[in-house]
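A.B. asks: Structure below; questions to follow.
Each reported figure results from applying straightforward, stated rules to the coordinates on display, with no laboratory input. It should be emphasised that the depicted structure is a prediction, and the values quoted were computed from it without experimental measurement. Here the Cβ positions follow ideal geometry from the backbone for every residue, glycine too, while neighbour counts run over all protein chains shown.
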Amino acid sequence: MNFFFSNRSNQLWTGSVFLLMVVNFYSIIWGTPMVPDQEWAQKIFYLHVPSAWVGFFSYFIVMIAGILFLSKKDHKWDRVGLAAAEIGTLFLILVLITGPIWAKPIWGRAWIWEPRLTTTLVLFLIYMGYFMIRSFGDYPERSARTGAVLGIIAFVDVPIIFLSVKFWIPDIQSHPQVEMSSQPSGILLPFLFSMFCFTAMYFLMLRYRIHILSLKSIREKNDL
Amino acid sequence: MLAFLVKKELLMEFRAKESFLTMAAFSMVVIVSFSFSFNVSSGRFVEMTPGLFWVMVLFTSVLGLQRSFAYESEFDAFSMLLSAPVDRGLIFLAKWISGWIVLTLIVLIALIPFTLFLRFTIPTNPLVGIGIILLGNASIMCLGSFVSGLAMRSRLSNVLVPILLFPLLSPVVIASVKSTSGWMRGLSFSTWETWIFVLSSFIIIFGLLGYTLFNHITEE
């Protein structure tokens, strides 16, 4: 049986990601300037936005893996899709936790029906259904096809949900990350570094999860 | 072939009358529950009626969707249907169109108790309202028929349909409520035309996706 960390490149990757994350957290806590009116609450954005980016990117991977699975009928793509769905959901949970933590001191309310946050919540609910239908499906082959189709539909629905929520209550203020690009380098560079670290960590997690799912599928085949 | 499949779906529905009767009774129960839950005589209640109306439509549609594939899963009739030399995308279109017709009939009937019990005043241009109902119902049944087919062979399929469908339909609910509200308040079409665009886009996008992907979810 192939152990994930016995592979040299996986060891290097894991070590690098660990180091990057340590530097990232150090830079967020000590290296970034304090924004006067937000104080410590602002620092959560160095985690919140990269988590959202990784979560949505992961669901994009689910869609691509779904298309490839349906066209090539190769179960490798089903494992990629399932792994990406699991990790994407994990990051979306982080977004849904960190968003209200930031919003409470800044907006005075933990939840506001802001388009991005609402889209995240709706997408999270869709993926709850995704995991349920995969768990309650009958044959693995059919569950895989159902998952692939649902992954495509969910991602296509994202822009429509976002636009609908945006026009639904147009006067609701947007997240401040739209202005991130115009921030001074003291904020922008650590922010971009955090995005990079989260993306590197995401690919490591994805690789690890795909490895586990492959081992699981080999064991299931052997059991049969 | 499509007309034949739609006819088959409608014949099955109107012979058994299971979905039709349960959906009609359920919509009535929902309306009465709304009457008990809210202060109907309050002036602010008028603002809530478009939302309540579409919540009723959404809940009612789920009953019909659960039955639409259940007929065929009994005695594995769906496998027989799949073995027929028919484009599987057409089966999806037939389910969608027949479900749309049945839901629209139910909603039009339910409008009577809705106006009576919830003091819902139909504006002077009812055809516009019917247009919104047709579009909203088409959107709900389009994705609903697809999701229902997706969940058909799962355990707990009855529970999974609403869990999967409601979040996916959130743009439809927002767009239908907003356009109904615009129509009821007599606002000019240009102020709520965006929502008609959202509904039409939804029907086109998910109609095409459903037609293309239905083949994959029905593979044996």
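A.B. asks: On average, how many beta carbons from a partner chain sit within 10 Å of the beta carbon of a residue in A:63-72?
C.D. replies: Other-chain Cβ atoms within 10 Å of each residue's Cβ, averaged: 1.
A.B. asks: By counting other Cβ atoms within 10 Å of each Cβ, how are A:His75, B:His216, A:His48 ranked from fewest to most?
C.D. replies: If I rank by nearby Cβ atoms, fewest first, I get A:His75, B:His216, A:His48.
A.B. asks: Per residue of A:135-146, how many C-beta atoms from partner chains lie within 10 Å of its own C-beta, taken as a mean?
C.D. replies: Mean inter-chain Cβ contacts per residue within 10 Å come to 4.
A.B. asks: Here is a follow-up. Need one number: nm distance between label points at A:Lys216 and B:Arg119, each 7 Å from Cα along Cα→Cβ, rounded to one decimal.
C.D. replies: Reported label-point gap for A:Lys216 and B:Arg119 is 5.6 nm.
A.B. asks: Give the Rg/Rh ratio for the range A:1-72, taking Rg as the radius of gyration of the Cα atoms and Rh as the Kirkwood radius, to two decimals.
C.D. replies: Details: Rg = 18.1 Å, Rh = 15.6 Å.
My calculation puts Rg/Rh at 1.16.
A.B. asks: Which ³J(HN,Hα) values, rounded to whole Hz and listed in residue order, are derived for the range B:54-60 from phi using the Karplus coefficients 6.51, -1.76 and 1.60 in 6.51 cos²θ - 1.76 cosθ + 1.60 with θ = phi - 60°, glycine and proline given as x?
C.D. replies: 6, 5, 4, 4, 4, 5, 5
A.B. asks: Determine by what factor the alpha-carbon radius of gyration of the protein assembly as shown differs from 2.2 N^0.38 Å, reporting the quotient.
C.D. replies: For the protein assembly as shown, the normalised Cα radius of gyration is 1.10.
A.B. asks: Let me ask you something else. Restricting to lysines 8 or more places apart or on different chains, can you count the pairs in the range B:2-217 with Cα atoms under 21 Å from each other?
C.D. replies: On the way: B:Lys7/B:Lys17; B:Lys7/B:Lys95; B:Lys8/B:Lys17; B:Lys8/B:Lys95; B:Lys17/B:Lys95.
Qualifying lysine pairs in the range B:2-217: 5.
A.B. asks: Whole-Hz Karplus ³J(HN,Hα) for the range A:196-212, in order, using 6.51 cos²θ - 1.76 cosθ + 1.60 and θ = phi - 60°, x for Gly and Pro?
C.D. replies: After applying 6.51 cos²θ - 1.76 cosθ + 1.60, I find 5, 4, 5, 5, 4, 5, 4, 5, 5, 4, 5, 4, 5, 5, 4, 4, 4 Hz.
A.B. asks: In addition: Starting from the coordinates of the alpha-carbon atoms of the range B:1-118, obtain the Kirkwood hydrodynamic radius over all distinct pairs and give the value in Å to one decimal.
C.D. replies: When all Cα pairs of the range B:1-118 are included, the Kirkwood radius is 15.7 Å.
A.B. asks: When Cβ neighbours within 10 Å are restricted to other protein chains, what is their mean count per residue of peptide B:36-49?
C.D. replies: Working: counts 0, 0, 0, 0, 0, 0, 0, 0, 0, 0, 0, 0, 0, 0.
Shielding by partners across B:36-49 averages 0.
A.B. asks: Order of A:Val49, B:Val147 from fewest to most other C-beta atoms within 10 Å?
C.D. replies: Fewest to most other Cβ atoms nearby, the residues stand as A:Val49, B:Val147.
A.B. asks: Magnitude of the Cβ-charge dipole of the protein assembly as shown, K/R +1 and D/E -1, about the Cα centre, nearest 20 debye?
C.D. replies: Its charge dipole is roughly 340 debye.
A.B. asks: Ignoring solvent entirely, what values of log10 I(q)/I(0) come out of the Debye formula for chain B at 0.13 Å⁻¹ when each Cα is a single scatterer?
C.D. replies: Debye curve over Cα of chain B, log10 I(q)/I(0) at q = 0.13 Å⁻¹: -0.74.
A.B. asks: Also, I was wondering about something else. For chain A, how many pairs of lysine residues have a Cα-Cα distance under 30 Å, where the two are 8 or more positions apart or belong to different chains?
C.D. replies: 9
A.B. asks: Tell me, B:Ile122, B:Ile97, A:Ile153 in order of fewest to most beta-carbon neighbours within 10 Å?
C.D. replies: B:Ile122, B:Ile97, A:Ile153
A.B. asks: What percent does the relative contact order of chain A come to when contacts are Cα pairs within less than 8 Å and at least six residues apart?
C.D. replies: 30
A.B. asks: Shifting gears a bit: Cα extents of the range B:122-214 along the three principal axes, largest first, in whole Å?
C.D. replies: 47, 25, 19
A.B. asks: In whole Å, what is the distance between the alpha-carbon centres of the range A:100-160 and the range A:204-224?
C.D. replies: Value for the Cα centre distance between the two parts: 24 Å.
A.B. asks: Set Lys and Arg Cβ to +1 and Asp and Glu Cβ to -1, take the dipole of the range B:2-217 about its Cα centre, and tell me which of B:Ala3, B:Leu116, B:Ala94 lies farthest positive.
C.D. replies: B:Leu116
A.B. asks: A further question follows. Pop the C-beta distance of A:Lys104 and B:Asn39 into the FRET formula with R0 = 45 Å and round what comes out to the nearest 0.05.
C.D. replies: 0.90
A.B. asks: Dimensions of the range A:3-138 along principal axes (Cα, Å, largest first)?
C.D. replies: Here the Cα extents, ordered largest to smallest, are 55, 41, 22 Å.
A.B. asks: Note the full-extension length gain between B:Val32 and B:Thr194 as 0.36 nm times their separation in residues minus their Cα-Cα distance, in nm to one decimal.
C.D. replies: 55.1 nm
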